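Each remark here refers to the structure printed beneath this line.
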Amino acid sequence: MQTIALKKYRDETWDFKTANTKQYTHCFHPYPAMMIPQVAGRILDEFGRDAKILFDPYCGTGTSLVEANLRGINAIGTDINPLARLIAKVKTTVIPLKSLDWYLKDFNDFVFSARLGEKRIEPIIPNFKNIDYWFKKETQYWLAIIKEYIEQKIKDKDIQDFFKVAFSETVREVSLTRNGEFKLYRMTKKQIEKFNPDVLSVMTEKLIRNRNGMADYISIKNNDAISKVYDFNTVYEIPESILPPESVDIIITSPPYGDSRTTVAYGQFSRLSNQWLGLEELNEVDKRCMGGIRKKEIKNFGIKLLDEVLSRIADIDKNRAYDVLSFYMDYEKSINNISKVVKKNGIVAYVVGNRKVKGIEIPNDEITVGFFERNGFSHIKTVIREIPNKRMPKRNSPSNIAGITDTTMSHEYIVILKKE
Ligand SMILES: C[S@@+](CC[C@H](N)C(=O)[O-])C[C@H]1O[C@@H](n2cnc3c(N)ncnc32)[C@H](O)[C@@H]1O
């Protein structure tokens, strides 16, 4: 661990405090714990100059895929959340502006006549549990109208998906959830009374912003690189037909930093969109996340730091120790599988956060190094950056790294390793 300490340092140049993180297609759709494009971009510039293929095993909305494609590198991503996959696909799929603009104009005309009520349509309102709890009747009506437009009027699949991404963001914004929170909390009664969103305007605003992001993306992407986004779970397998052994030059990813019950509830964040779009069964996403199914067994990982932390947590609360253990059992399996697809001399960059459980800090970054070292990787460095924009759970106590007196979750760790 002495060596890790020497290779681990705080570097303000990685903070990108004033950078615009919403350029190009990065402006599409919010998502919890997004990576900032500048971090993925800088890793690629420092370590991926000759890379032909990037893999992101927890690709979320595809930040690293976009950055790879901008540099002419083909990319493969996987995520168990269908909403994330949809967003990642749309952010990396070039749509000819001429066709897109044709549909945007058509949608505009459609909105115009829908507002006039020229032909009052009776759309099919999806029949999911709690729809009345999260959406006013009037809102449901307009959302259903837009959904029908997307599904029935748009013939081109890429354009349909482009509209679905704007629709998903609209769903979230016009729902009765409290603004700016990733978990689903309902507004107060008073707020609900006053809340009468103009659904068509919200949708139009998202479409225009995303259209402009797409135009910027096209204008600077001067190559044919593409991304493919899949639904496989690296904890269990990496299909050889997609990624044969030793086929990946570089991995840039930000994995979850704990089980989704107690850290970021990706499924919960996506639920309303998934329900409107008919994407996934309730609760499936959080169950499929790493550590989603609690295993009640004691295991020694053979990584001193992790085993110590687990036993200290178990002394205080056995069930919480099982949660943490279940997460790391999946995390380890995933790393074992991922390691196999990386080429010799290939690079792995994991952007991770450290969290506290029962007051005990879990050194996720060092555990990540430990798991990869067992798979024939050597640790290059761990850069500590501040996360000025990210909403993260709670203040944590000081970490034990020189120069850091601040909170742990307001920092993230960029762990870089090389396959020997
Ligand atoms: C921190 S987010 C990634 C965010 C992404 N870098 C971005 O910029 O949007 C972690 C992602 O891991 C996904 N995830 C959790 N468990 C997974 C698993 N076993 N396999 C694949 N993805 C998983 C979650 O759905 C979530 O999208």
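Among residues of segment 273-286 being of a type in the set (D, E, K, R) and in a helix (DSSP H, G or I), the one that is nearest to the ligand (Cβ to nearest atom) is ASP286. Taken together, the residues in segment 287-304 that are surrounded by fewer than 23 Cβ atoms within 10 Å (Cβ to Cβ) and within 16 Å of the ligand (Cβ to nearest atom) amount to 6.
Looking at ASP216, ASP161, ASP198, just one residue is more than 15 Å from the ligand (Cβ to nearest atom), touching a Leu at 6+ places or on another chain (Cβ under 9 Å) and outside the structural domain of GLU361 (by TED's automatic domain parsing), and that residue is ASP161. If the condition is being surrounded by 14 or more Cβ atoms within 10 Å (Cβ to Cβ) and among the aliphatic types (A, V, I, L, M), then segment 189-214 contributes VAL199, LEU200, VAL202, MET203, LEU207, MET214. For segment 245-259, the condition holds for at least one residue, the condition being that it is out of contact with any His (no Cβ under 8 Å at 6 or more places or on another chain), surrounded by fewer than 15 Cβ atoms within 10 Å (Cβ to Cβ) and not in a helix (DSSP H, G or I).
Take the conditions without any contact (Cβ under 8 Å) to a residue 40 or more places away in the chain and under 25 Å from ARG85 (Cβ atoms) and apply them to GLN38. Does it pass?
On the way: without any contact (Cβ under 8 Å) to a residue 40 or more places away in the chain: yes; under 25 Å from ARG85 (Cβ atoms): yes.
So GLN38 passes the test.
Being more than 26 Å from ASP286 (Cα to Cα) and in contact (Cβ under 8 Å) with a residue 40 or more places away in the chain is true for just one of PHE28, PHE47, PHE55. Which residue is that? Exactly one of PHE28, PHE47, PHE55 is more than 26 Å from ASP286 (Cα to Cα) and in contact (Cβ under 8 Å) with a residue 40 or more places away in the chain, namely PHE47.
The listed residues are VAL229, VAL248, VAL235, and the only one of them that is under 21 Å from PHE163 (Cβ atoms) and touching a residue at least 60 places away in the same chain (Cβ under 8 Å) turns out to be VAL229. Test GLY258 against the criterion of being over 27 Å from GLU67 (Cα atoms) and within 11 Å of the ligand (Cβ to nearest atom), and give yes or no. Judged against the criteria, GLY258 is not a match.
The values are calculated or read from the model by the stated rules, or taken from the named source; none is laboratory data. Since the structure is predicted, the reported quantities are computational estimates derived from the model, not experimental observations. Glycine also receives a Cβ, built like all others from the backbone with ideal geometry; neighbour counts cover every protein chain displayed.
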